[in-house]
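Structure, as structure tokens:
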């Protein structure tokens, strides 16, 4: 007879928990490959055009990237505490911390939006309005292609994460927390932390090429 | 296993300190060392997030393997591809 609270294919909560976690970690490994292809493009292009990448990178503002890094680190902190609240079965702190994490995520996207606007005004959007004074214009344009693709793909992940956390907050609000039910929160947290880790690499790779 | 809050607070403070270190290092001319130092700090941050926020520290061995596998394959991709690109000019290509 399976334990209470388990799906029918599992015998025990422990087994279900391990399977759920393994599934998420496997998905995250495929996400590493997904971003990895672009990181490979970036590595090759930077290796081929080091000076163009340096001057292109210096057109970005460290204040934007740094602020966003801090925001995401804060969001990971509140997310970790939210998972802890779920583990302890404390609903109100759980909901509050999930909402805080969502707000940090929205703040990240807002800063990113302002940054994209600045990039547009400064004629840094490839194909659209790219204008480059000085040499290596085409190579600099490659940097900005990678910058936009990587950051937009990352922003998409943040947006999906916000959606997941919103659903989790609703579930918590409806009171669907019982033994073993902290796992959906743990798994959502894994996804959120992964998105944070991606940014931890994107920040120095895009904003801090060479030295400023 | 429920962790005490100090684990999370300590991890968070270390992450913010490392962010500061990344930015400071980004403004210092270290020549060829800028990239390795920036990447080392990013890896340190990643380890902190994975071990304590993502609970790998207390995770099963399977979690350790799968979490490590993603990173390992990424390193394979970068290392093998770059050994090709970085050494192409060593021998001039002669057309058939």
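The values are calculated or read from the model by the stated rules, or taken from the named source; none is laboratory data. Treat the numbers as computed from the prediction; the structure is a model and nothing was measured. Ideal geometry is used to build each Cβ from the backbone, glycine not excepted, and the neighbour counts take in all protein chains shown.
Please state which one of B:37, B:49, B:23 is surrounded by 13 or more Cβ atoms within 10 Å (Cβ to Cβ), facing chain A (nearest Cβ under 7 Å), farther than 30 Å from residue A:186 by Cα and in contact with a helix residue (DSSP H, G or I) (Cβ under 6 Å, 6 or more places away or on another chain). Reasoning before the result, please.
On the way: B:37 fails: facing chain A (nearest Cβ under 7 Å); B:49 fails: farther than 30 Å from residue A:186 by Cα.
Exactly one of B:37, B:49, B:23 is surrounded by 13 or more Cβ atoms within 10 Å (Cβ to Cβ), facing chain A (nearest Cβ under 7 Å), farther than 30 Å from residue A:186 by Cα and in contact with a helix residue (DSSP H, G or I) (Cβ under 6 Å, 6 or more places away or on another chain), namely B:23.
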Inset, instruction - Please work out which residue is surrounded by the most Cβ atoms within 10 Å (Cβ to Cβ), limiting yourself to region A:115-137 and to residues that are assigned to a helix (DSSP H, G or I) and modelled with pLDDT of 95 or more. - result: A:119
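Out of A:100, A:86, which single residue is under 18 Å from residue A:170 (Cβ atoms), in contact with a helix residue (DSSP H, G or I) (Cβ under 8 Å, 6 or more places away or on another chain), part of a helix (DSSP H, G or I) and at pLDDT below 95?
Details: A:100 fails: at pLDDT below 95.
Only one candidate passes the filter, namely A:86.
Quick one: which of A:103, A:99, A:109, A:94 is surrounded by 22 or more Cβ atoms within 10 Å (Cβ to Cβ), closer than 16 Å to residue A:164 by Cα and more than 8 Å from chain B (Cβ to nearest Cβ)?
When all the criteria are applied, what remains is A:94.
Is it the case that residue B:29 is facing chain A (nearest Cβ under 9 Å), out of contact with any helix residue (DSSP H, G or I) (no Cβ under 8 Å at 6 or more places or on another chain), without any contact (Cβ under 8 Å) to a residue 12 or more places away in the chain and loosely packed, with under 14 Cβ neighbours inside 10 Å?
yes
Taking into account only those residues within region A:66-90 that are within 18 Å of residue A:208 (Cβ to Cβ) and in contact (Cβ under 8 Å) with a residue 60 or more places away in the chain, which is surrounded by the fewest Cβ atoms within 10 Å (Cβ to Cβ)? So that I can check it myself, show each step before the final result.
Kept after step one, since they are within 18 Å of residue A:208 (Cβ to Cβ), are these residues of region A:66-90: A:66-73.
Okay, now just the ones that are also in contact (Cβ under 8 Å) with a residue 60 or more places away in the chain, so A:66, A:68-69, A:72-73.
Working: A:66: 18, A:68: 25, A:69: 26, A:72: 27, A:73: 23.
Looking at residues that are within 18 Å of residue A:208 (Cβ to Cβ) and in contact (Cβ under 8 Å) with a residue 60 or more places away in the chain, I get A:66.
Would you check which residues across region A:18-38 are at the interface with another protein chain (Cβ under 7 Å from one of its Cβ atoms) and within 30 Å of residue A:139 (Cα to Cα) and list them?
Keep residues of region A:18-38 that are at the interface with another protein chain (Cβ under 7 Å from one of its Cβ atoms), which gives A:18, A:21-22, A:25-26, A:28-29, A:32-33, A:36.
A:32, A:33, A:36, listed by residue number.
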Legend entry - residue A:189 being in a helix (DSSP H, G or I), within 12 Å of the chain's Cα centre (by Cα) and in contact (Cβ under 8 Å) with a residue 60 or more places away in the chain: yes
Inset, instruction - Examine region A:156-178 for a residue that is in a loop (DSSP other than H, G, I, E, B) and in contact with a helix residue (DSSP H, G or I) (Cβ under 8 Å, 6 or more places away or on another chain), and state whether such a residue exists. - result: yes
Inset, instruction - Please state which one of B:15, B:77 is free of Cβ contacts under 8 Å to residues at least 60 places away in the same chain, within 17 Å of the chain's Cα centre (by Cα), surrounded by 11 or more Cβ atoms within 10 Å (Cβ to Cβ) and over 30 Å from residue A:79 (Cα atoms). - result: B:77
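Go over the candidates A:140, A:155 one by one and state the one that is farther than 19 Å from residue A:96 by Cα, crowded, with 21+ Cβ neighbours inside 10 Å, away from chain B (no Cβ under 14 Å) and out of contact with any strand residue (DSSP E or B) (no Cβ under 9 Å at 6 or more places or on another chain).
None of the others qualify; the one that does is A:140.
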